[in-house]
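Here the structure is laid out as structure tokens; the discussion comes afterwards.
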Amino acid sequence: MSIDPAYISLVAALPPLIVASAVCSSSETVLFGLSHAERMHLRSSHPRIAGIVDSMLAEPAGLLATILLANITINGAYFAAASVIALHETDPAWQVGISVGLLVAIVLGGEVIPKMAANAFRDRLVMVLAPVLYALHVFLKPVRWAISRLVAEPVARLTRADRVQQVTESDLDALVDLSARQGEIGAVEREFIQRLIRYRRVRVRDVMTPRVELAMVPRTAGRAAVVEACRRHRVKRIVVHGARTDDVLGLLDVRGYLLDVRADQAPMEPHLQRPRFVPEVATLEQLGTFFRAESVDLAIVVDEYGGLAGVVAVEDAVEEIVGDIAAPGERSVELPREIEPGVWSARGDVSVVAVSQALGVDVPDVHASTIGGLAVELAGGVPEVGRRLSCDGLDIEVLAVEHGTVRSVLMRRHGVDHVD
């Protein structure tokens, strides 16, 4: 009885196809399962392999497309060969037995066992699989491009759901409130999540140390002036300016300056840090990106005309999420306090954002960053004691004014629109 050579070829092709399927399955598990620590170790021990891995994972969608294309092609060829082999038998029982056996072989040998091995030995298998998959990734690049341009993008345009409503901040707030009422999250978790939700719309001017509270000395100041500014403000760095306060020359490292062995003869220049400037209208999200890019933790805030508005530190941005962080000896800013139902008392330096959160009102995007500054902005000047002002459902009564600064206010939620 002669055996068909084509039949023998099909049978011989099955083991390599199972191996190829196993390579695709294990590659996906190995590459997408690498932890940050494993990738860092790979960079130090095998930089060439790490470079290959990083280049592929930089475009995860493309890498996944490569693996899927290869796996679909291999499995398609396997099942086509398996079908021909099964149909070569005339006995139905043999046909069913061969079909089930070949199916089990591809499931176990091409999927289950390779993925289990990949999970257990990622650090070893990546050395073998990364170069193989990278070569396949480069080879299939034209195919991926053609599928993306001719199939994926047209289908995406046809099925794009412009009618799908985006999740808004109000939706997230409602979800957090519902979770708190149902006991899924506690009060501390609720406040933390709500701070994160509002973080993106908080601006630098809302958290900065304003100009009137800055520790500043002119370039011509001596050691005694620096000591006095440091004693009064208890800061590690002082703003140094030229002839005008808007002419910021740098940030003086107080410790280095005061420990300089030249004492009173010590010049400021060697201890000045180059100032970095951020606009007061920048968001805290943009501020975080700026701090990371510049590798600094303190920046000079400028207004729309380029004048000095204040300074902002990375700590100010962090406090918007975790709450006030008071250093030893530092006076923390008190939050609005409800003294009777519907009436709150607050110092003038409390931020507008804190008032908005405490009273549950939406204060519009105003220029002022503190409630005292908001009172001045609404009044068009420094208001007198007892003056009542209104802003979108928030009533403000001025309680104390000192040296042109609103020191304390009373606030009510109200619908009055006029200004007395």
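Laboratory data are not the source of any read-out in this text; all were calculated from the coordinates shown. Every value quoted in this text rests on a predicted model; they were computed, and no experiment measured them. We place every Cβ from the backbone using ideal geometry, glycine too, and count neighbours over all the protein chains shown.
Which residue, 312, 127, 73, has the largest displacement toward the positive end of the dipole of the chain when charges sit on each Cβ (Lys, Arg +1; Asp, Glu -1)?
Positive-most Cα among the choices belongs to 127.
Restrict the search to the range 88-126; then list the trypsin sites (Lys or Arg not before Pro) that DSSP places in a loop and that have at most 16 other Cβ atoms within 10 Å of their Cβ.
Sparse-neighbourhood loop trypsin sites (Lys or Arg not before Pro): none present.
Taking the Cα centre of the chain as the origin and placing charges on Cβ (Lys, Arg +1; Asp, Glu -1), which of 240, 112, 270 is farthest toward the positive end of the dipole?
270
R0 = 22 Å: FRET efficiency of residue 283 with residue 335, Cβ-based, nearest 0.05?
Values: r = 22 Å, r/R0 = 1.01.
For residue 283 and residue 335, the calculated efficiency is 0.50.
Under unit Cβ charges (Lys, Arg +1; Asp, Glu -1), what dipole magnitude, rounded to 20 debye, does the range 337-413 have relative to its Cα centre? It would help to have the intermediate numbers written out before the result.
Numbers: 7 positive and 11 negative charges, 33 e Å.
The calculated dipole for the range 337-413 is roughly 160 debye.
Within the chain, what is the longest stretch that has no chymotrypsin sites (Phe, Trp or Tyr not before Pro) placed in a DSSP loop and near at most 15 other beta-carbon atoms within 10 Å?
122-304
Consider the candidate values [x] 1.19; [y] 1.16; [z] 1.02; state which one is Rg/Rh (Cα atoms, Kirkwood Rh) computed from the structure displayed.
So the calculated entry is the one marked [x].
Take residue 392 and residue 219, extend 7 Å from each Cα along the Cα→Cβ direction, and tell me the distance between the two endpoints in nm.
With each label placed 7 Å out from Cα toward Cβ, I get 4.3 nm.
Between residue 12 and residue 95, 0.36 nm times their residue separation minus their Cα-Cα distance comes to what?
28.1 nm
May I ask you to sort 138, 188, 261 by Cβ crowding, counting other Cβ atoms within 10 Å and putting the fewest first?
Fewest to most other Cβ atoms nearby, the residues stand as 261, 188, 138.
Once the cut-off is 17 Å, how many percent of the Cα-Cα pairs in the range 34-138 end up in the long-distance tail?
Within the range 34-138, distances greater than 17 Å cover 64 percent of Cα pairs.
Suppose every K and R has +1 on its Cβ and every D and E has -1 on its Cβ; what is the size of the dipole of the chain about the Cα centre, in Debye to the nearest 20? Don't jump to the answer; show the numbers that get you there.
Numbers: 42 positive and 53 negative charges, 254 e Å.
That gives a dipole near 1220 debye.
So how much slack lies between residue 273 and residue 105, counting 0.36 nm per residue of separation and subtracting their Cα-Cα distance, in nm?
Working: separation 168, 0.36 × 168 = 60.48 nm, distance 6.77 nm.
Extra length from residue 273 to residue 105 when fully extended: 53.7 nm.
Full-extension gain between residue 244 and residue 399, please, as 0.36 nm times their residue separation minus the C-alpha to C-alpha distance. Can you show the working numbers first?
On the way: separation 155, 0.36 × 155 = 55.80 nm, distance 3.37 nm.
Computed gain between residue 244 and residue 399 is 52.4 nm.
What net charge do the residues around residue 356 carry, taking every other residue with its C-beta under 9 Å from that of residue 356, with Lys and Arg at +1 and Asp and Glu at -1? Numbers along the way, then the final one.
Working: positive: 198; negative: 362.
Around residue 356, the surrounding residues sum to 0.
Work from the charge dipole of the chain (Cβ charges, +1 for Lys and Arg, -1 for Asp and Glu, about the Cα centre) and give the residue of 146, 18, 62 farthest towards its positive end.
The residue sitting most towards the positive pole is 18.
Going by Cα centres, the range 188-230 and the range 133-156 are how many Å apart?
When both Cα centres are located, 50 Å separates them.
Let me check I have the definition right: for the range 204-322, take the eigenvalues of the Cα gyration tensor, multiply each by 5, take square roots. What are those semi-axes in whole Å, largest first?
26, 15, 13
Residue 66: net charge of surrounding residues, Cβ under 12 Å, Lys/Arg +1, Asp/Glu -1, itself excluded?
Taking every other residue near residue 66 into account, the sum is 0.
Can you give the net charge of the other residues whose Cβ lies under 11 Å from the Cβ of residue 253, counting K and R as +1 and D and E as -1?
Local charge sum for residue 253: +2.
Order these by the 10 Å Cβ neighbour count, fewest first: 371, 18.
18, 371
Hey, fewest Cβ within 10 Å first, where do 36, 137, 88 land in order?
36, 88, 137
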